[in-house]
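Asks: Take a look at this one; I'll ask things after.
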Amino acid sequence: MQYYLSVLTIGGINVILILGLTLLTSYTGLFSMGNVGFMMVGAYCSAALNVEFGVPFIPSLLISGVISMLLGLLIGWPTVRRKLKGDHFAVALLGFASAIKVLICNIEIGDFDGAMGIKNVPKLTNWYVVLIVGAVITFLLWNFVHSAYGRNCRAVREQEVAAQTMGINVSRTKLLSLLINAFTTAIGGGLFAFYTTIVVPTMFTQNQSSNHLIAVVFGGINSITGPVLSSFVLAILPELLRVISTWRLVIYGVLIVVIMLVKPEGLLGYKELNFRWVKPALAKARALLKKNKLPGNDGGKA
Amino acid sequence: MEEKKIILETRKLTVRFGGLTAVNSVSMSVPEGSITGIIGPNGAGKTTLFNMITAAVEPSSGQVIYNGASILGLGPDEIARIGISRTFQNIRVCSRMTALENVIISIQRVPPYSVFAAMLGLPSVKRKDREAREQALGYLKMLGIGSYANSLASEMPYGQQRRLEIARAIATRPKLLLLDEPAAGMNNEECRELTGLIRELREKLDLTVVLIEHHMEVVMRLCDNIYVLNLGSLLREGKPSQIQSDAEVIKAYLGEKRRRN
């Protein structure tokens, strides 16, 4: 039982880590290869605040979120104002993440050494914390995405020039998405820190940024449930595929390539997961069974 | 006849792209409430002229004056917010959004509620969204595409997408509407419909219209005033009857593109 709960927790943390990225990349169309930068800021800040300054769990998460937003503003303002997009924006964010890592590794204030990391972080993250935080963030983002702000993000993604010509402040829209991404990813980083109980630079790799991006693209554009599902599955897949552990990465890679070939708009594409397909599917099944009345059968499923 | 107020004026507007002078010292003035046409061969600089008015392109020299004030230096979104809207030659609707959403964008380009209110899904947010949806539906119906409200823009026939483009542009509640080849690809029947539609929009919404067009029936029937551009420079300016019979214009443009009526 404990094992399954911990798998659930890890999966949940992963979902929280990519929710902001879904907004930035899926909805606003800005590919970020630097998500791990915000995660690292969240992890280090919340851990430091808690261990060094005794800031309680939730406040330390929130404060680290704000700090992450400020850093997001620092990288966001020039990149967005200079109209960086596509590959350029992705690389700029990649640079940002690298810069954050270097910065943290080289901080030595008092007896805090970034490279040595932070130990003895209390294990305060468990499955229900993750569930609650995840649900709250999903709720807030869902509303955001279905509001005028979300529509403006999509307009910027679809037709940036036309959107601007109709009066949308494109810079502000992009910046808002980036800041929300910074905040929620930092929260995810914080939850991660309070789960692994230690925070060291080697835990934050460029690979993770790629994994986050893959989960988002895999899950589908214009969808929140898509990336939620896919990131959860992709996070726990290594555990599930443990039995074929030597082939794990191969299967992982093949899955991604297949999805990109077969359904490039992502697993769920533009749709949200819902159960509206159940009724018509059942009706169809009933009709089919009625048609093929077999002898001895009273016709139709009960 | 009383002097009509000039809503838009360009003074010696020029833009150079490297060695090419795309628009050469073009001066024009558009009276409020009028329908002005801009015609000329392809490559004459017509769309570039529009682009300079909407700040998509920065002029090399000259002025653009709107309601008596210079609008050079304003960003495209600011220009939209002071009442200038446009359609694009190659339509730029948001394909992966519904027709309704495409129009709502123009209405809620500055969201009427805070980010926090939006995230919490407050009733006021829902109410404002509902109002915007109703307004948007109104604009779609005005353009005769109300039935496509919940269809993705990419699923709409080309002609209806053109109408969507116009609906989106008028939903910004402009005082000046720039139409870039609205009749492109239309047959005579559709052109007649469009002519009626533009006149109707001008009346209903109290607009001033400037349009770039190649279909001469549309231009001659609609426009109060016509400017003829050729190779970036202003060739002629005048009333439709004058332009139609002008030798220079016929030589440069009309003569080559005789449409069978």
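Asks: So, with +1 on the Cβ of K and R and -1 on the Cβ of D and E, and no other charges, what is the size of the charge dipole of region B:94-172 about its Cα centre, to the nearest 20 debye?
Replies: Approximately 100 debye in magnitude.
Asks: Computing the accessible area with a 1.4 Å probe over protein heavy atoms, can you report the carbon and sulfur percentage for region A:1-122?
Replies: Details: 3880 of 5560 Å².
It is 70 percent, rounded to a whole number.
Asks: Tell me, what HN-Hα J-couplings in whole Hz come from the Karplus equation 6.51 cos²θ - 1.76 cosθ + 1.60 at θ = phi - 60° for each residue of region A:37-43, using x for Gly and Pro?
Replies: Going residue by residue, I get x, 5, 4, 5, 4, x, 5 Hz, with x marking Gly and Pro.
Asks: Scan chain B and report its longest stretch carrying no GluC sites (Glu not before Pro) that are both in a DSSP loop and have at most 12 other Cβ atoms within 10 Å.
Replies: Values: sites that count: B:GLU2, B:GLU3, B:GLU256.
Excluding the exposed sites themselves, the longest stretch runs over B:4-255.
Asks: Follow-up. Quick one: Debye curve from the C-alpha atoms of the protein assembly as shown, no solvent, what's log10 I(q)/I(0) at q = 0.12 Å⁻¹?
Replies: Reported log10 I(q)/I(0), two decimals: -1.12.
Asks: If you wrap a convex hull around the C-alpha atoms of region A:75-115 and split its volume per residue, what is the figure in Å³?
Replies: Working: hull volume 2.2 nm³, N = 41.
Spelled out: Cα convex hull of region A:75-115, divided by residues, is 54 Å³.
Asks: Short version: what are the Cα gyration tensor semi-axes of region A:10-83, square root of 5 times each eigenvalue, largest first, in whole Å?
Replies: Result for region A:10-83: semi-axes of 25, 16, 9 Å.
Asks: What are the ³J(HN,Hα) values, in whole Hz, obtained from phi via the Karplus relation 6.51 cos²θ - 1.76 cosθ + 1.60 with θ = phi - 60°, for each residue of region B:220-236 in sequence order, with x given for Gly and Pro?
Replies: After applying 6.51 cos²θ - 1.76 cosθ + 1.60, I find 5, 7, 8, 7, 7, 9, 10, 10, 10, 10, 9, 6, x, 10, 7, 8, 8 Hz.
Asks: Shifting gears a bit: Dividing the alpha-carbon Rg of region B:94-172 by 2.2 N^0.38 Å yields what?
Replies: 1.11
Asks: On a 24 Å Cα-Cα criterion, which of the cross-link pairs A:LYS174/B:LYS175; B:LYS12/B:LYS46; B:LYS46/B:LYS175; B:LYS4/B:LYS204 come out too long?
Replies: On the way: A:LYS174/B:LYS175 28 Å; B:LYS12/B:LYS46 14 Å; B:LYS46/B:LYS175 20 Å; B:LYS4/B:LYS204 19 Å.
Over 24 Å apart, Cα to Cα: A:LYS174/B:LYS175.
Asks: Please give the FRET efficiency for B:SER29 paired with A:TRP77, using the beta carbon to beta carbon distance and R0 = 45 Å, rounded to the nearest 0.05.
Replies: On the way: r = 40 Å, r/R0 = 0.88.
Efficiency computed from Cβ-Cβ geometry: 0.70.
Asks: Farthest toward the dipole's positive end in chain B, which of B:ASN230, B:TYR148, B:TYR113, given Cβ charges of +1 (Lys, Arg) and -1 (Asp, Glu) about the Cα centre?
Replies: B:TYR113
Asks: What does the average come to when, for each residue of peptide A:170-183, you count the partner chain Cβ atoms lying within 10 Å of its Cβ? Kindly include the intermediate steps, with their values, before the conclusion.
Replies: Values: counts 3, 2, 2, 2, 0, 0, 1, 0, 0, 1, 2, 0, 0, 0.
Whole-number average of other-chain Cβ neighbours for A:170-183 is 1.
Asks: How large, in percent, is the carbon and sulfur part of the accessible surface of region B:94-172 at a probe radius of 1.4 Å? Walk me through the numbers on the way to the answer.
Replies: Numbers: 1850 of 3310 Å².
Exposed carbon and sulfur together represent 56 percent of the surface.
Asks: Here's another thing I want to ask about it. Residues of B:108-114, mean number of Cβ from any other protein chain within 10 Å of their own Cβ, rounded to a whole number? Walk me through the intermediate numbers first.
Replies: Working: counts 7, 11, 6, 8, 1, 3, 1.
Neighbouring Cβ atoms belonging to other protein chains average 5 per residue here.
Asks: Also, I was wondering about something else. Putting +1 on Lys and Arg Cβ atoms and -1 on Asp and Glu Cβ atoms, find which of B:ALA132, B:MET28, B:VAL64 reaches farthest to the positive end of the dipole of chain B.
Replies: Value: B:ALA132.
Asks: While we're looking at this one, here's another question. Taking every pair of alpha-carbon atoms in chain B, give the share separated by more than 31 Å as a whole percent. Let's see the in-between values first.
Replies: Details: 9412 of 33930 pairs.
Here the long-distance tail beyond 31 Å is 28 percent of all Cα pairs in chain B.
Asks: Count the net charge of all other residues whose Cβ sits under 12 Å from the Cβ of A:ARG157, scoring Lys and Arg as +1 and Asp and Glu as -1. Provide the component values of the computation, followed by the final result.
Replies: Numbers: positive: A:LYS85, A:ARG151, A:ARG154, A:LYS174, B:ARG96; negative: A:GLU158, A:GLU160.
Here the count lands on +3.
Asks: Which whole-number value in Å² is the accessible area per residue of chain A, probe 1.4 Å?
Replies: Working: 14770 Å² over 302 residues.
Solvent-accessible surface per residue comes out at 49 Å².
Asks: Rolling a 1.4 Å sphere over the protein heavy atoms, what is the accessible area per residue of region B:94-172, to the nearest Å²? Mind showing how you got there, number by number?
Replies: Values: 3310 Å² over 79 residues.
Result: 42 Å² per residue.
Asks: Using the Kirkwood radius built from alpha carbon pairs, what does the Stokes-Einstein equation give as D for chain A at 4 °C and 1.567 mPa s, in µm² per second?
Replies: Numbers: Rh = 20.6 Å.
Stokes-Einstein gives a translational diffusion coefficient of 63 µm²/s.
Asks: Express in Å², to the nearest 10, the accessible area of A:THR196 obtained by rolling a 1.4 Å probe over the protein heavy atoms while all chains stay in place.
Replies: 40
Asks: Here is a further query. Counting helices only, and only those DSSP H runs with n ≥ 4, report the 222 nm mean residue ellipticity of the protein assembly as shown as the sum of -39,500 (n - 2.57) divided by its residues, in deg cm²/dmol to the nearest 500. Write out the running numbers ahead of the final one.
Replies: Working: 21 runs with 297 residues, N = 563.
Dividing the helical sum by the residues of the protein assembly as shown leaves -17000 deg cm²/dmol.
Asks: Then there is this: Enumerate the calculated ³J(HN,Hα) couplings along region A:48-64 in order (Karplus 6.51 cos²θ - 1.76 cosθ + 1.60, θ = phi - 60°), each rounded to whole Hz, writing x wherever the residue is Gly or Pro.
Replies: Rounded to whole hertz, the list is 4, 4, 6, 6, 7, 10, x, 5, x, 3, 4, x, 5, 5, 5, 5, 5.
Asks: Within a 10 angstrom radius of each residue's Cβ in A:148-157, how many Cβ atoms of other chains show up on average? Whole number is fine. Let's see the in-between values first.
Replies: Numbers: counts 14, 8, 3, 11, 6, 0, 5, 9, 2, 3.
Mean partner-chain Cβ count within 10 Å for A:148-157: 6.
Asks: Where in region B:9-24 does the amide nitrogen come within less than 20 Å of the point 7 Å from the Cα of B:SER60, taken along Cα to Cβ?
Replies: B:10-24
Asks: How big a patch of accessible area, both sides summed and in Å² to the nearest 100, lies buried between A and B at a 1.4 Å probe? Walk me through the numbers before you get to the answer.
Replies: Values: alone 16190 and 13140 Å², together 26590 Å².
In total, chains A and B hide about 2700 Å² from solvent.
Asks: Also, quick follow-up: Mean-square fluctuation check for chain A, GNM, Cα pairs under 10 Å: which of A:LEU179, A:LEU124, A:LEU93 is largest?
Replies: Largest GNM mean-square fluctuation: A:LEU124.
Asks: Using packing as a proxy for protection, rank A:25-36, A:77-88, A:109-120 so that the peptide with the highest average count of other Cβ atoms within 10 Å comes first. Intermediate values should be presented prior to the final figure.
Replies: Details: A:25-36: 25.2, A:77-88: 14.3, A:109-120: 12.8.
The densest-packed peptide leads the list: A:25-36, A:77-88, A:109-120.
Asks: What is the set of long-range amide H partners of B:SER27 at a cut-off below 5 Å, with H atoms built 1.01 Å from backbone N?
Replies: B:LYS12, B:LEU13
Asks: For B:ASN230, what residues show an amide H to amide H distance below 5 Å, using hydrogens built from the backbone and excluding near sequence neighbours?
Replies: B:LEU235
Asks: With unit charges on the beta carbon (Lys/Arg positive, Asp/Glu negative), name the residue among A:LEU61, A:VAL7, A:LEU23 whose Cα is farthest towards the positive pole of the charge dipole of chain A.
Replies: Ranked along the dipole, the leading option is A:LEU23.
The values are calculated or read from the model by the stated rules, or taken from the named source; none is laboratory data. Bear in mind that the values here come from a model prediction, so they are computed numbers and not experimental data. Cβ: placed from backbone, ideal geometry, glycine included. Neighbour counts: every protein chain shown. Please note that ligands, DNA and RNA were not included when accessible areas were found on the heavy atoms of the full protein model with its side chains. Shrake-Rupley method; radii C 1.70, N 1.55, O 1.52, S 1.80 Å.
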